[in-house]
1. Could you pull out which residues in segment 233-257 have an amide N less than 16 Å from a spot 7 Å beyond the Cα of GLN355, following the Cα-Cβ vector?
2. With a Förster radius of 45 Å, plug the Cβ-Cβ distance of ALA386 and ARG198 into 1/(1 + (r/R0)^6) and report the FRET value to the nearest 0.05.
3. In nanometres, what is the gap between the two model label sites at HIS8 and ARG371, each 7 Å from Cα along Cα-to-Cβ?
4. Give the cross-link partners of LYS14 among the lysines, using a straight C-alpha distance below 20 Å as the criterion and excluding same-chain residues fewer than 8 apart.
5. Among TYR140, TYR43, what is the fewest-to-most ranking by other Cβ atoms within 10 Å?
6. How large is the helix-only mean residue ellipticity at 222 nm for the chain, computed as the sum of -39500 (n - 2.57) over DSSP H runs with n ≥ 4, divided by its residue count, in deg cm²/dmol to the nearest 500?
7. Name the residue, out of LEU145, LEU403, LEU389, whose mean-square fluctuation peaks in a Gaussian network model built on the chain with Cα pairs under 10 Å.
8. Once the other residues with Cβ under 13 Å from the Cβ of ALA386 are scored (Lys, Arg +1; Asp, Glu -1), what is the net sum?
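Laboratory data are not the source of any read-out in this text; all were calculated from the coordinates shown. Here the structure is a predicted model, which is why all the values come from computation and not from measurement. We place every Cβ from the backbone using ideal geometry, glycine too, and count neighbours over all the protein chains shown.
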Amino acid sequence: MPDRAKNHTILFAKNSDREPEEAQAIVRIPERQHSERNVRCTYIEVPQAERSYEALLSKPFQMWGAEMGVNEHGVVIGNEAVFTRLRIGKKNTGLTGMDLIRLALERSRTARLALECIIEHLEMYGQDACGGYRNKGFFYHNSFLIADPKEAWVLETAGRHWVAQQVTHGVRSISNSLSIEKRYELISSEAIAYAKKRGWHRGPDESFNFRKAYSDWLYTTFGRARIRMNTTRRAAESCEAGVSVPDAIRILSSHNLPDPQFRPSKANTASICMHATGLLNPSTTTGSMIAALPTDGPITVWLTGTSMPCLSVYLPFFFGGRTLLDNWPLPGDTPDDSLWWQAELLHLEICKDYQNRKALIDEERTAFQTRVLNEAERLIELNPGAEALDRFSAHCLKEYRQLLEKWSATIATAPRKKSWWTP
């Protein structure tokens, strides 16, 4: 929140942790007027709005919805899978959490309206929708972090039940677990009554604890969700000068071990930048986003468009431009000429000898990231128009792709370390 941010503006940061090699596209959805009656989401159709707002999204390539995104009014939303006591029918008759994010971003001018949009569709259609890629049995409920330049909310769900907590100051972090307990501003009409009926709450309504009533123990515990949530919160709170975009990059790029000791085969679910290792640690960070939401001036959306933040660069994008729209190659399910796959093939090679190969590109990578951050700050101070901001985005993107090509050639000639483990 502004009281804990270096520039006194709301700062939002999120990693998207998905199945390995599930490409994540960064896309610009232009503002539109709609004449069609319905819109097809991932599995079902819902009524279409007359108008949708421009949005920048980071989304699994095959999904209609998005893991995270920002719209032209500065509304930003990210979601996390949460695991509850409620059974899911697994019939794909509802909306994914990603669908709910995109619907809210396309239709909402404020965080409060986005909250209401998600709740409306949640209660109407439910969440019986597979969120997996190759894992077709991966169903879950969702929590959402929703903000705009003036306010922020956390919304947590269990089926069609929900609870919402307003964030007014400090740092708020969510992960793959329910976190709202007794303090909340809004709650669904049947949440307490249903918990009482199932024997999950036996006290007075005033003592109702949403997390304790609805949280699943197994997935929440073994997924180390509360460890990650506390890690990111404490890391942000420790920034004495307030959290900045470079601080957010550092936090999102961190692992369960200090960097000199880390290699992907040692990763576990306590990592913030995730590297899949198997059944008990099945996810990789496939995309990352940071959004700076000033009350005055351009909104800056920092997107990797690539996996593994520890090996990536965050690039700035703005509203009112054509970057990520004109002739922008979107990734598919196999290697192609998209940004995501160009970086992914490089990252997979680096991970075969992580510390040694990372060192071959890291000085130039971090220098480029620092230069982009500084140039973006100087440009914004000049109060530029949308066209100038978009040219800067396009220039950064072009230079980054050239660097990826250069780094791929460097790694291709690096000594190969024999290892039984392949990332």
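1. Output list for this probe position: 255-257.
2. Working from the Cβ atoms, E equals 0.30.
3. 3.3 nm
4. Straight-line reach from LYS14, under 20 Å: LYS6, LYS59, LYS150.
5. TYR43, TYR140
6. -10000 deg cm²/dmol
7. Result: LEU403 has the largest fluctuation of those listed.
8. Every neighbour counted, the sum reads -2.
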